[in-house]
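The values are calculated or read from the model by the stated rules, or taken from the named source; none is laboratory data. Quick caveat: nothing in here was measured; it's all calculated off a predicted structure. Methodologically, a virtual Cβ is constructed for each residue, glycine included, from the backbone with ideal geometry; neighbour enumeration extends over all protein chains shown.
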Amino acid sequence: MKKHTYRAQKVNTINWQQVKEQTLGETLVLAVDVAKSQQYALLTTEDHTKSWMMQWNHLEHTFYLIEQLKSLQTPVSVVMESTSTYGDSLRYQCRQAGFAIYQAHAKKVHDAREIFDGVPSLHDAKSAWLIAKLHKDSITKLWCESTIEERRMNALRLEYDLHQDQHLRNQNRLEAYMSRHWPEVLALMPIGSVTLEQLIKHYGSPQKVAAEAKQAALNMRSWGKTGLSVEKIAAVIASAINTLGEPCIEAECQFLMALASELEHSRLQKQTAKQALEALVDNDEGLREMGRVIGKATTAVLVSLHLDPRRFTSPKSYQKALGVNLTEKSSGQINGRLRLSKRGSSVARKFLYMAALRLLVKDPLIEKWYKAKKDDRAKLKTVIALMRKLPLALWHIARGERFDASKLLKIAI
């Protein structure tokens, strides 16, 4: 490679008129290494005979760069890594300018760091050069933007995750403080009980529950409705009176009431986001059957993560995108174990795994298959086997077929 290959100029010092004269009639590629503020890019012709390495501050000079690229009056393709959200605003502006946008896989850029110059280093300018090289070798793909519906689902999924995480953290906090101040109640009511949540929200401590035992019992009946027996209510009140926990001071009582209020808020917001996600699935005829099989929330999560099976050309390609295809690493006489590739979204695999567990419980044929196949020493292997089959079925379901467990498991009935 030539010396100073990675030396970059600032975009406002480049002679753009000279660039225009040298590239007249040629298609240009702008390979961008995305960063939060200081961006690097290689502007090059398709055959890499002419190139300009450049750098600029994203907030100060992005509009200037786009205007200069438009002034070249030649087709421009922009190639970027899919790195979180830092490149989204640049990609939007490039698309608005009419440039074709291509996506380079970040791992492929990382893996290529030593191939061309023999040096295992990776920095901004070199990354831009590698992205251009991968694009020249056709190891990039057109960037497929999310639809409005997918963006809506993704926003609702993020909102659901936000409240779900907060809800779980607050539940753990409440359990810890109940162990200190009212340990008996944890044996009588689950930590996720709405009645327990309301009890702490209104009274804050077992001492206050004991002081207003009659009213507390009436409130518990109202909150728990038919799901809470008279005996259970009596046992909770008795545990508040006779608790061996450390009594709360007033400040601790106020804290527990605030904690229970936050727990209620996150629970209600989580339910609202989940209902909105499920409504979006119900309104899409192509996703309705998927929702029936793996759950509406799981279906919405997959679509929001660009994993709508209708986008994929074959069942196997969908399975690969979810990262549940098998990979092997063998050499000579060494035969490596088969493992999941785990490419793509771990969130999608988590929801797919939970969907597989639900099917084991609610589908008699799948439950029968699981019991026949499971190995008590490695029960998880059979669950993973079912999880790997699900994407193959979902691909067909999204195209109008009804779910048939006998086809999924290849069982004769």
Seminar exercise, completed: If you go through 191, 249, the only one that is more than 30 Å from residue 273 (Cβ to Cβ) and among the hydrophobic types (A, V, I, L, M, F, W, C) is 249
Problem set entry | Residue ID - surrounded by the most Cβ atoms within 10 Å (Cβ to Cβ), chosen from residues in region 262-308 that are of a type in the set (Lys, Arg) and not assigned by TED's automatic domain parsing to the domain that holds residue 169 | 296
For this session: Taking residue 208 as the residue in question, decide whether it is modelled with pLDDT under 95, assigned by TED's automatic domain parsing to the domain that holds residue 273 and part of a helix (DSSP H, G or I).
Result: no
For this session: Could you grab me the full set of residues in region 16-25 that are in a loop (DSSP other than H, G, I, E, B) and either surrounded by 19 or more Cβ atoms within 10 Å (Cβ to Cβ) or not assigned by TED's automatic domain parsing to the domain that holds residue 101 (or both)?
Result: 23
Seminar exercise, completed: Reported set for region 182-223 where residues are buried (at least 20 other Cβ atoms within 10 Å of the Cβ) and within 10 Å of residue 240 (Cα to Cα) is 182, 185, 205, 206, 209
For this session: Could you please give the count of residues in region 93-104 that are touching a Leu at 6+ places or on another chain (Cβ under 8 Å) and over 14 Å from residue 75 (Cβ atoms)?
Result: 2
Seminar exercise, completed: The strands (runs of 3 or more DSSP E) lying wholly within region 26-144 that contain at least 2 residues that are of a type outside the set (A, V, I, L, M) are 38-45, 51-57, 76-81, 100-104
Exercise. Looking at (1) surrounded by 15 or more Cβ atoms within 10 Å (Cβ to Cβ); (2) modelled with pLDDT under 95, which is the only condition residue 178 fails?
Worked result: (2)
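Rundown of residues vs (1) part of a helix (DSSP H, G or I); (2) within 15 Å of residue 184 (Cα to Cα); (3) of a type in the set (Val, Ile, Thr); (4) not assigned by TED's automatic domain parsing to the domain that holds residue 186, yes/no style:
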{"residue": "216", "(1), (2), (3), (4)": "yes, no, no, no"}
{"residue": "220", "(1), (2), (3), (4)": "yes, no, no, no"}
{"residue": "223", "(1), (2), (3), (4)": "yes, no, no, no"}
{"residue": "233", "(1), (2), (3), (4)": "yes, yes, yes, no"}
{"residue": "238", "(1), (2), (3), (4)": "yes, yes, no, no"}
{"residue": "244", "(1), (2), (3), (4)": "no, yes, no, no"}
For this session: Please give the number of the condition residue 324 fails out of (1) of a type in the set (A, V, I, L, M); (2) part of a helix (DSSP H, G or I); (3) buried (at least 21 other Cβ atoms within 10 Å of the Cβ).
Result: (2)
For this session: For region 318-330, state whether one or more residues are free of Cβ contacts under 8 Å to residues at least 60 places away in the same chain, of a type outside the set (Ser, Thr, Tyr) and over 24 Å from residue 105 (Cα atoms).
Result: no
Problem set entry | Out of 109, 79, 185, sole residue that is under 23 Å from residue 60 (Cα atoms), in contact (Cβ under 8 Å) with a residue 24 or more places away in the chain and not charged (D, E, K, R) | 79
Exercise. Does region 165-183 contain any residue that is part of a helix (DSSP H, G or I) and closer than 30 Å to residue 81 by Cα?
Worked result: yes
Exercise. Which condition does residue 156 not pass, out of (1) free of Cβ contacts under 8 Å to residues at least 12 places away in the same chain; (2) in contact with a helix residue (DSSP H, G or I) (Cβ under 6 Å, 6 or more places away or on another chain); (3) not aromatic (Phe, Trp, Tyr), if it passes all the others?
Worked result: (1)
Exercise. In the set 341, 330, which member is surrounded by 13 or more Cβ atoms within 10 Å (Cβ to Cβ) and more than 22 Å from residue 288 (Cα to Cα)?
Worked result: 341
Problem set entry | Residue check for residue 353: surrounded by 16 or more Cβ atoms within 10 Å (Cβ to Cβ) and in contact with a Phe, Trp or Tyr (Cβ under 6 Å, 6 or more places away or on another chain) | no
Exercise. Can you name every residue in region 356-393 that is in a loop (DSSP other than H, G, I, E, B) and farther than 14 Å from residue 405 by Cα?
Worked result: 374, 375, 376, 377, 378
